[in-house]
1. Just for helices (runs of 4 or more DSSP H) wholly inside region B:156-253: which have at least 2 residues that are small (G, A, S) and farther than 17 Å from B:T136 by Cβ?
2. Determine the pairs where a residue that is in contact (Cβ under 8 Å) with a residue 24 or more places away in the chain and in the same structural domain as A:A148 (by TED's automatic domain parsing), located within region A:36-50, has a partner that is part of a loop (DSSP other than H, G, I, E, B) and surrounded by 15 or more Cβ atoms within 10 Å (Cβ to Cβ) with Cβ atoms under 6 Å apart, the partner being 6 or more residues away or on another chain.
3. Is there any pair linking a residue in region A:230-255 that is part of a helix (DSSP H, G or I) to one that is acidic (D, E), with Cβ under 7 Å and at least six apart or on different chains, and which?
4. Any residue in region B:65-91 that is within 7 Å of another protein chain (Cβ to nearest Cβ) sitting within a Cβ distance under 6 Å of a residue that is of a type in the set (F, W, Y)? List the pairs, counting only those 6 or more apart or interchain.
5. Which number in (1) part of a loop (DSSP other than H, G, I, E, B); (2) closer than 18 Å to B:A195 by Cβ; (3) β-branched (V, I, T) marks the one condition that B:V4 misses?
6. Can you tell me which residue is farthest from the chain's Cα centre (by Cα) among those in region A:301-313 that are crowded, with 21+ Cβ neighbours inside 10 Å and of a type outside the set (V, I, T)?
7. Does region B:50-60 hold any residues that are surrounded by fewer than 24 Cβ atoms within 10 Å (Cβ to Cβ) and either facing another protein chain (nearest Cβ under 7 Å) or of a type in the set (S, T, N, Q) (or both), and which are they?
8. Name the single residue, out of those in region A:188-230 being of a type in the set (V, I, T) and within 23 Å of B:R81 (Cα to Cα), that is farthest from the chain's Cα centre (by Cα).
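The values are calculated or read from the model by the stated rules, or taken from the named source; none is laboratory data. On a predicted model such as this, the values are computed, not experimentally measured, just so you know. Using ideal geometry, Cβ is built from the backbone for each residue, glycine included, and neighbour counts are taken over all protein chains shown.
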Amino acid sequence: MSDKILMKGNEAIAEAAIIAGCRHYFGYPITPQTEIAAYMAKKMPKIGGTFLQAESEIAAINMVYGVASAGKRVMTSSSSPGVSLKGEGLSYLAGSDLPSLIVNVQRGGPGLGGIQPSQSDYFQSTRGGGHGDYHMIVLAPASVQEMAELTVKGFELADTYRMTSMILADGTMGQMMEPVSLDIDVKPAPEKPWATTGTQMAREHNIVNSLSLVPEELEELNFKRYDRYKVIEENETMFEEYKVEDADIVLAAFGIAARVSKNAVDEARKMGIKAGLIRPITLWPFPKAPFKAAAEHAKAFISVELNMGQMIEDVILATESKCPVTLCNRAGGMIPDPKQVLNSIIEINGGAK
Amino acid sequence: MAVVFDKPHALCDVPLHYCPGCTHGIVHRLVAEVIDELGIEGKTIGIAPVGCSVMAYNYFNCDMIEAAHGRAPAVATGVKRADPENHIVFTYQGDGDLASIGMAETVHAAARNENITVIFINNAIYGMTGGQMAPTSLVGQVTQTSPYGRDPKACGYPIKVCEMLSELVGPEYLERVTVNSVKNIRTAKKAIKKAFQNQIDGKGFSLVEVVSSCPTNWGMTPKQALDWIDSDMLPYYPLGVYKDRSAEQKEAE
């Protein structure tokens, strides 16, 4: 067991990326994730890596596209309004089947919104973010330790499946400090024979491209991509269950909302209410199985979110409408406290026993 | 029998999709000849834009990437920085791509003196989408979206990219050429070769603007279009070297 060090969530992401072998970072300043860029600016020149402050989010994501085309591990990070600007690039990365890691430390929106924590980019992230039929692997850490571990995991998944992984955090996760162990195993990147690194006059030229003007061919590419997504849904779905096995009331929450919800579950249990929590760690693929299973014994579900109710739609789909699903939320940068969540539980339960 | 004229190796042996009389074919060939002569095909990565040359990835034998509209200099920055010692990177962009939607990427790559080569095709019109007004369309030029002629009161003046970039401290080399005569084609090739050689020598951002023709969307015969370059384009876009830092430094010494 290695020593733990005290780190901000944003810094843990940056250091974990370096541990994962990422030597190229491109970004543009935006609160509340700028510590990632600052960390990279300090570290990268000392380890032979590249830190570049791009002229825009759009340029940053296209620099990512360039390094990814050349087959190297690469990342960018931003916060909600900046991620919207990256949407074009995310779509192109998907269309060209390029691996990369994108971090979104969410803040309240829409528009310029605020700079306080939010989860209001759930739809944007889990449905792709840009135009066209595609998904990203969306990872939702709930501790600084997970910020680090999921960053490494994100690079590995991106390389394995040739797609973008997104770390979907929020302002709280980015800013808070916790002890973290950086003793994380890293799988080496696989061979990338498709990468544009120069033919060396030894092979046919490689082409990285998302244009396909023949509809039959473009359809086939989409079918193949979704076959790959099916494999990911089967093999890579991650979640945590907390006191779900006998629960009457099951909370659904990710990230910081899950930590608040855990406290509420404990308080409810003290009052004799059988509450539990399912915490999706992958938001895409969404962990449908534990919700479906819990719907066999639960009386109701509560989706606890820092938005106006986005993940709740996936909870309703996953529970196949077998139980009522209600929303317990704050928005615009506000965080529900355990008491609010507890009150929701009590209300759904029809009072305390 | 000795072969006196052949296709450059860096050009794929496939039919190009360009319209009759379009000068893209000439410029493709010049780029390919230069890649051959410098012996860099095996380490070259080209970036195709969105526009008429969107499918340039099928025409060059080196590794190729298709970029989002206007983003080629940012993509090139990524490819170059991925392995600066071993990657020779060029972008091939039209006027809408480079001077309109991608102007920020162009200016900042130049300001950083990013060690890449940019081939900029200025034909004063959007060809791929069927002839709309470009950032470089001349005052009074009739296009699909300026049907009464480009009116500077409503849509401003055409952008002189080389002149504008020459005000930046960053870039190494900026030259405007054209390909409407044998003599001009020879000058154009020299400029393109220099723009690649600069990258090999680590000198930085080199852009060659090629004043080009678009007979289809200009509504002219190929010959008329080449003449129109002389009569209308070149008075507003004078040929010449707009910046050559190394030459300036040498002169100063």
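1. Of the helices (runs of 4 or more DSSP H) lying wholly inside region B:156-253, those with at least 2 residues that are small (G, A, S) and farther than 17 Å from B:T136 by Cβ span B:182-200, B:245-252.
2. Matching pairs, first to second residue: A:G49/A:R23.
3. Filtered contacts from region A:230-255: A:G255/A:D170.
4. Filtered contacts from region B:65-91: B:E66/B:Y57; B:A68/A:Y92; B:V75/A:Y65.
5. Condition not satisfied by B:V4: (2).
6. Within region A:301-313, the match that is farthest from the chain's Cα centre (by Cα) is A:F301.
7. The answer is B:V54, B:N58.
8. Taking the candidates together, the pick is A:T199.
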